[in-house]
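Reviewing the structure listed below.
The values are calculated or read from the model by the stated rules, or taken from the named source; none is laboratory data. Quick caveat: nothing in here was measured; it's all calculated off a predicted structure. Here the Cβ positions follow ideal geometry from the backbone for every residue, glycine too, while neighbour counts run over all protein chains shown. Surface areas here come from the heavy atoms of the whole protein model, side chains and all, with no ligands, DNA or RNA. Shrake-Rupley method; radii C 1.70, N 1.55, O 1.52, S 1.80 Å.
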Amino acid sequence: MVAMAPASVAAQTTSTAPTAASHVAIAGFAYSPSTLTVSKGTTATWTNNDSAPHTVTSSGSGSLNSPVLRGGGSYTFTFKTAGTFSYYCNVHPFMHGTVVVK
Ligand SMILES: [Cu+2]
């Protein structure tokens, strides 16, 4: 007879990255949240809740480059590299947002 060792059940640790909302609402001529923090590989979605058109356009050399989003329109982008990415609205350059990818 071979004694069977009890199987040890490893405690499952679910890594909880700070709940990274991956959605940005565009409303009232502002991005909300204005700073979105996500983990690498996250697909973020912007949805324009205004009736005015908006864009999601990288400042500098970033890759965000949405078409003009009409009311109800949305844009998605998958962040594959870590970093801090600033963007603005091409129609209303006073609108600014940032995505921090960890
Ligand atoms: Cu705009």
Check: For segment 65-84, how many residues meet the condition of being within 15 Å of Ile26 (Cα to Cα) and not in a strand (DSSP E or B)?
Finding: 7
Next item on the list: Considering only segment 65-78, state which residues are at negative phi and touching a residue at least 24 places away in the same chain (Cβ under 8 Å).
Entry: Leu69, Gly73, Ser74, Tyr75, Thr76, Phe77, Thr78
Item checked: Qualifying positions in segment 32-55 - under 12 Å from Thr76 (Cβ atoms) and either open to solvent by 20 Å² or more (accessible area, probe 1.4 Å) or assigned to a loop (DSSP other than H, G, I, E, B) (or both) -> Thr42, Thr43, Thr45, Thr47
Margin query: So, in segment 76-102, how many residues would count as being open to solvent by less than 50 Å² (accessible area, probe 1.4 Å), closer than 14 Å to Trp46 by Cα and within 9 Å of the ligand (Cβ to nearest atom)?
Written below: 2
Check: Taking segment 63-75 only, how many residues are more than 13 Å from the ligand (Cβ to nearest atom) and surrounded by fewer than 17 Cβ atoms within 10 Å (Cβ to Cβ)?
Finding: 4
